[in-house]
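Please read the structure below before turning to the comments.
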Amino acid sequence: MIVNLNSDKKEIRKGLYLVSTPIGNLKDITLRAIEILQQSEYILCEDTRISKKLFDKYKIKSKLISNHKFNEKKNLSKIIEILKSGSIISLVSDAGTPSISDPGKIITKECIKNNIEVIPLPGPSAVSSAVSISGFSEKFFFYGFFPEKIKNLLEDLEILSKLNSSIVFFISPKKINKIIPFIKKKFIGRQILICREMSKFYEEFIRYEINDLEPFRDNLKGELTIVISEQNIIKKNSQVLSESDKIMIKEMINKLTVKEITKFINQKNKIPKKEIYNYCLKLKNEN
């Protein structure tokens, strides 16, 4: 497939481009991303073998440089030199948006330090895709991958459990069953969405009440994006009788039956019937 956008290379700003690439389906790429990648002198790739599948599809023939978490510091000086010479360099991760739980932060910080322009190209993101279909709060906290050590995991989950927002995690399918008991303990009463193989052939969205969540019998395949819902907070004032409620009951206590009063107040303020009933009996006994 050849994409010819007839763009003048001179119009493209010099600097480092952080280019979002598909999280699964190779068609989920923007025209601008293809344009910039085609006109980059070099492309920094998390794994050149994975990126090459995308580049071959769109006839992107730029020179590739392997740039992953084990060599990105070693690459820094070389890349900064190339950028200072006025070259256009793009950076991609294996999937999604660079620097979001993927390589990119180190080179970005170094570019900022050296007054080299860094330009983001918006596009596919597992985080925003998962949150958008969750049905949970649009206010969300992105955590990323779980730490390896259980101690660190428990400390972080304790802090996260106090946030009243959606919370997004990344996790490999091999670790999901080990994490489930900790999630159930820390996020009681919430809901969970597990997104698997998003935009791919075996795409699947699994929804549970966290209290009902159990380890999976079959091994899940593909990287997982997890979204936990906001807290299910019940307002305190809806659980107890207010002073205005008590005054209203006193005015009705000799005009209506306890059953009628209980039904009326319950429908009005969603206060538990038992709370209303007991207060009515207390007034009756006082009289």
As a check on your grasp of the helix formula, calculate [θ] at 222 nm for the chain: sum -39500 (n - 2.57) over DSSP H runs of n ≥ 4, divide by the residue count, round to the nearest 500. -11000 deg cm²/dmol
Region 131-174 to region 77-93: how many Å between their Cα centroids? 34
Rounded, prolate or oblate: pick one for region 137-287, where a ≥ b ≥ c are the square roots of the eigenvalues of its C-alpha gyration tensor, a/c under 1.5 means rounded, and failing that, prolate if a/b is larger than b/c, else oblate. prolate
Given axes a ≥ b ≥ c from the Cα gyration tensor, I'd like to know whether the chain is rounded (a/c under 1.5), prolate (a/b larger than b/c) or oblate. prolate
Out of all DSSP beta bridges with both ends in region 9-123, state the antiparallel percent to the nearest 5. 5
Residue by residue through region 272-278, the couplings from Karplus 6.51 cos²θ - 1.76 cosθ + 1.60 with θ = phi - 60°, in Hz, x for Gly and Pro, are x, 4, 4, 4, 5, 4, 5
Hey, what angle do you get for helix 72-84 against the long axis of the chain, alpha-carbon based, 0 to 90 degrees rounded to 10? 60
Residue by residue through region 168-178, what is 3J(HN,Hα) from phi via Karplus (6.51 cos²θ - 1.76 cosθ + 1.60, θ = phi - 60°)? Round to whole Hz and write x for glycine and proline. 10, 10, 10, 7, 7, x, 6, 9, 4, 5, 6
Helix axis angle, 150-160 relative to the chain longest principal axis, alpha carbon, degrees: 60
Counting only residues 5 or more apart in sequence or on a different chain, those whose built amide H sits under 5 Å from that of Tyr17 are Ile89, Ser90, Leu91, Ile119
So if I take the alpha carbon set of region 1-121, get Rg, then get Rh from the Kirkwood formula, what is the Rg over Rh ratio? 0.93
Quick check: Cα centre of region 176-212 to Cα centre of region 32-64, how many Å? 34
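How much length, in nm to one decimal, is gained on full extension between Glu41 and Ser244, taken as 0.36 nm per residue of separation minus their Cα-Cα distance? Walk me through the numbers before you get to the answer.
Working: separation 203, 0.36 × 203 = 73.08 nm, distance 7.28 nm.
That pair, Glu41 and Ser244, stretches by 65.8 nm at full extension.
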So if R0 is 22 Å, what FRET efficiency would Glu148 and Lys69 give, r being the distance between their Cβ atoms, rounded to the nearest 0.05? 0.95
In whole Hz, what ³J(HN,Hα) sequence does region 49-54 give by Karplus (6.51, -1.76, 1.60; θ = phi - 60°), x for Gly and Pro? 5, 5, 5, 4, 4, 5
With +1 on each Lys and Arg Cβ and -1 on each Asp and Glu Cβ, and nothing else charged, work out how big the dipole of the chain is about its Cα centre, in Debye to the nearest 20. 440
Search the structure for amide H atoms under 5 Å from the amide H of Gln191, placed 1.01 Å from N in the peptide plane, and list their residues when 5 or more places away or on another chain. Ile210, Ser229
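Every number in this text was worked out from the coordinates using simple rules, so none of it is lab data. None of these values were measured; they are calculated from a predicted model. Quick reminder, even Gly has a Cβ in these numbers, built from the backbone with ideal geometry, and neighbours come from all protein chains shown.
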